[in-house]
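Reviewing the structure listed below.
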């Protein structure tokens, strides 16, 4: 087992930095749009609730929404929260710097041991309450208990004893470099901090290239689902969720989902467990991680003036060149991973936008992907934008929960900010943000992901994940970038869109108060009550921390004729979308501009969303019958014994109250009426062993079904005869652990008007 070698000097430095005096930060926002104002207040309250005492001496912001740890993929949350709680934001970065393993690997997630002690004196050995491992008495918990838990592999005993559960079973992305570098400026450039970040990035980058390019191809590999954080995504085939080893899951090391030990150690999504393992992938994400390590290291060299700036930029360009050569397909204007056989995987994934977030694409590549794909309404520009898989791709699945088969995910909204701004596409970010803000208004909550086709009711089964830090902070960040103030690397960005009506945004940092007041036509900005400029609304003004203007940015989707006044200066200028002007020699001068791409027109017919029936919610049900060995049982009929006709609420046939603590099986009888014979797609989710018949034909069985049930998790074709088709479902109770199922049907190639009749019993 690889053990973490604790660096005492690093830990001491982190401790000193975490205890240093920091300025208090806060934000106040009011606007004429009272619905937006209330949502901002709710988001702030939920974000504040996710700041917890992580160790006796350090607070941190956990992911929230059902997730109790701090994740490497969520590192931008700390940076985003710095304008409201600088200490918690800084600590969220410091925990990763402190717990880096001796060989350079960073943990994918860190949990607080103290926060996992339950009120009954028991210790929960698992990442989150939703999918926990064992629960044992605290006094009896041993290191081996931690190691045997499926979510706590390869944990250092040093960190357990210090109150941290540091998990090296997954990479969970690499979103630390930019956040760590930005916090250097926000925290007042603490002594020793930037050198600590530089060493961390160098060591992690060396680890990636030492382990993740085993074939010496110059392309880094992804070895498990959680390396890139695409939980549940079926594009990974039968690959493991987690992989803590420094060798790939191939040959004799190929994991087997049917092996209980492998299931315990690595976990597998149920929708993947029966598929062939097609990992490792030659991965665009992994290459982007390395690029960001190296480019951020170059920026650190600029700041430290250590003479290594050119070296690290050249190393970053090597990564960009390799990705472009091996993974970018010019004819498709997108990058694609390659599977274990080095064949391109043709599924079009949003991971290209992640590459833009890390800056690894060239300007031309980013422009092409935005124009051809991101703003294509049949691919990514859905009513709620940016599903994780293009909506017209064959493997697209619109499944609620933390799932990367097609829904629009909060992490994508977060990453889109830097992705667009890296390439000067400020107006396209405004397009996205306007849709995102409307989505949140309609949802009324801050969940992990949204239905990409239903902007009016976007939550669709995600209600249990309200209060997620990524979503709340992304929402607040869009508000700041449209109607308020954000700060990066010692510069203040004042944004004056008018969508919210009259508004006031105040950012306090220690003894400095920054205020932006927008009357709907002009926004006026002050520092400590002193006006520094006023400007026609519709643009962004960039200043230094003293208020001296450096840039004017076209962030709106329309060209604006503006008047800017600062001191005795007065300028009139026309600013188009994505244009950036500088005040050089006292006169505005165009510094840079990129094309503004409007969404492509909707032409033809998007094959999604697939028209679907309501969920089957009315059934004749049997009582619990003897025997759980349903594999050899004959198809039952509703004439074979007593049944009760029941209507179930919502979309889940929930038998938990009747089945809890019992053994045996039960049968459900239903039907659907069809005017003509037709092909349909069955959409099924369940949490126990199950068999399903249509008429006399068995069309699905899974004797290994386990919790949890997920909507539309399994999809398969079937044929209905004209008239009435009977539906029979048999489920084993799995010792009382099973609860029930979801079932509906869809017509994959039908017009919206061709929905099947409501399939309830008459």
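The values are calculated or read from the model by the stated rules, or taken from the named source; none is laboratory data. Quick caveat: nothing in here was measured; it's all calculated off a predicted structure. Positions of Cβ are backbone-derived with ideal geometry, glycine not excepted, and every protein chain shown enters the neighbour counts.
Observations on the model:
- Criterion: within 24 Å of residue 734 (Cα to Cα) and part of a strand (DSSP E or B) - qualifying residue of 646, 592: 646
- Residue identified as at pLDDT below 95, touching a helix residue (DSSP H, G or I) at 6+ places or on another chain (Cβ under 6 Å) and surrounded by fewer than 21 Cβ atoms within 10 Å (Cβ to Cβ) among 66, 78, 102: 66
- Here the condition is being at pLDDT below 95, outside the structural domain of residue 80 (by TED's automatic domain parsing) and out of contact with any strand residue (DSSP E or B) (no Cβ under 9 Å at 6 or more places or on another chain); of 231, 205, it holds for 231 alone.
- Of the criteria (1) surrounded by fewer than 23 Cβ atoms within 10 Å (Cβ to Cβ); (2) farther than 30 Å from residue 66 by Cβ, which one residue 516 fails: (1)
- Count of residues meeting criterion [in a loop (DSSP other than H, G, I, E, B) and either buried (at least 18 other Cβ atoms within 10 Å of the Cβ) or without any contact (Cβ under 8 Å) to a residue 24 or more places away in the chain (or both)] in region 246-269: 11
Residue-by-condition table, conditions (1) assigned by TED's automatic domain parsing to the domain that holds residue 493; (2) under 27 Å from residue 511 (Cα atoms); (3) touching a helix residue (DSSP H, G or I) at 6+ places or on another chain (Cβ under 8 Å); (4) assigned to a strand (DSSP E or B):
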| position | (1), (2), (3), (4) |
| --- | --- |
| 543 | yes, yes, no, yes |
| 547 | yes, yes, no, no |
| 550 | yes, yes, no, yes |
| 557 | yes, no, yes, no |
| 565 | yes, yes, no, yes |
| 571 | yes, no, no, yes |
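- Spans of strands (runs of 3 or more DSSP E) in region 474-516 with at least 1 residues more than 29 Å from the chain's Cα centre (by Cα) and in the same structural domain as residue 539 (by TED's automatic domain parsing): 503-509
- Taken together, the residues in region 257-290 that are modelled with pLDDT under 90 and over 22 Å from the mean Cα position of the chain (by Cα) amount to 13.
- Any hit, region 431-454, residues being farther than 25 Å from residue 504 by Cβ, under 18 Å from the mean Cα position of the chain (by Cα) and in a strand (DSSP E or B): yes
Residues are listed down the side, and each one gets a yes or a no for (1) farther than 26 Å from residue 182 by Cα; (2) modelled with pLDDT of 95 or more:
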| position | (1), (2) |
| --- | --- |
| 297 | no, yes |
| 307 | no, yes |
| 320 | no, yes |
| 329 | yes, yes |
| 332 | yes, yes |
| 360 | no, yes |
| 394 | yes, no |
| 397 | yes, no |
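Yes or no, residue by residue, for (1) in contact with a strand residue (DSSP E or B) (Cβ under 6 Å, 6 or more places away or on another chain); (2) under 21 Å from residue 426 (Cα atoms):
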| position | (1), (2) |
| --- | --- |
| 515 | yes, no |
| 536 | yes, yes |
| 539 | yes, yes |
| 548 | no, no |
| 563 | yes, yes |
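- You will find that of 669, 650, 602, the residue that is at pLDDT 85 or above and either in the same structural domain as residue 736 (by TED's automatic domain parsing) or surrounded by fewer than 19 Cβ atoms within 10 Å (Cβ to Cβ) (or both) is 669 and no other.
- Neighbours by Cβ (under 6 Å, 6+ apart or cross-chain): first from region 10-31, in the same structural domain as residue 183 (by TED's automatic domain parsing) and part of a helix (DSSP H, G or I); second surrounded by fewer than 17 Cβ atoms within 10 Å (Cβ to Cβ) and at pLDDT below 95: 13/192
- Looking across region 439-476 at every residue that is in contact with a strand residue (DSSP E or B) (Cβ under 7 Å, 6 or more places away or on another chain) and closer than 16 Å to residue 84 by Cβ, the one that is surrounded by the fewest Cβ atoms within 10 Å (Cβ to Cβ) is identified as 467.
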